[in-house]
Amino acid sequence: MAEPAAPGRPPARFHRVHGANVRMDAARTRATRVESFANALCFSQEPLAPGEIFLVEIEEKEPGWCGHLRVGLTAHDPQSLPALPEYSLPDLVSLGDSWVFAITRSHNRVAPDGEEVPRERGPLWAPELLIERLRIPRDKLVGRSRPGRYSHVLDELYRTNVLPPTARRSRIGVLYAPRPDGTADMHIVINGEDMGPSARGLPAARPLYAVVDVFASTKSVRVIQVEYGLPSLQTLCRLVIQKHVVHRLAIDGLDLPPPLKHFCKHE
């Protein structure tokens, strides 16, 4: 039976230790690279619990650079690093006990050796994402474009979640799933879809911090808080409304409180 992931955890935010080119907001939930394309390593404030996802949304892009966001896990306490690496790949990984995945516009899905690349299991409207024995509420995991003049044309993309992984408002997360042998698999989640085990054999007994490298064309990201446990009434209302409207602009014509309309269209 699948188990709920990481209930009762404190709000997620970034660590005080970060790259020289990163500017944090006061809450340490938004990280912006202010110059160059590197020296933008960030970490989670706390080690992740098993099944806890560290989720960020791409807020700003900077054209002209080659490469995108990189995410992963490290068993190094950020405060213990004598010097912060310039890059997550290859610098941080070369220190050992670190696993980082470079996000690309396509081809992010991975599979165990000798197996075909898995397809998404279950509809994207399902309220929970299942990863091995973990259940994670899917609602906050999905990045959504803002509605506009052509929403009636693009709304099928909105429903089927074809927002490119490297686009603005795309949501990307990392977690680890424990295995019976005492190790763990690292999973990358992009807009509510599990990309498969991108690394195996992680030391589940050691503290594992999330790694977010605000690299190259990715200029700014913000932390998204994930609600664990049963979906809220507001979330369930949104799922029903979105399932029955023709497109998101039609939500404006519904007799609903303005905050709920905004929540249904944008969040």
- Quick one: length gained pulling Val17 to Glu46 fully straight, 0.36 nm per residue minus the C-alpha distance? 9.3 nm
- Near Lys261, which lysines are there with a Cα under 19 Å away, not counting those fewer than 8 places off in the same chain? Lys140, Lys243
- Once the Cβ-Cβ distance between Thr104 and Leu256 is put in as r, and R0 is 41 Å, what FRET efficiency do you end up with, to the nearest 0.05? 0.60
- Message: What FRET efficiency comes out for Leu130 versus Glu60 if R0 is 22 angstrom and r is the Cβ-Cβ distance? Round to the nearest 0.05.
- Response: 0.10
- Query: Local charge sum around His187 (other residues, Cβ-Cβ under 9 Å, Lys/Arg +1, Asp/Glu -1)?
  - Reply: -3
- Item | Distance in nm between pseudo-label sites at Ala167 and Ala26 (7 Å out along the Cβ direction from Cα) | 3.4 nm
- Note on the structure: A correct Karplus calculation of ³J(HN,Hα) over the stretch 218-224, with 6.51 cos²θ - 1.76 cosθ + 1.60, θ = phi - 60°, whole Hz and x for Gly and Pro, returns 8, 9, 8, 9, 10, 6, 9
- Tensor-based shape of the stretch 184-259 (alpha-carbon gyration tensor, a/c under 1.5 rounded, otherwise prolate or oblate): prolate
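Bear in mind these aren't lab numbers, they're just calculated from the coordinates by the rules spelled out. In this text the structure is predicted, and so the values were computed from the model without any measurement. All Cβ positions, glycine included, derive from the backbone under ideal geometry; neighbour counts span all protein chains shown.
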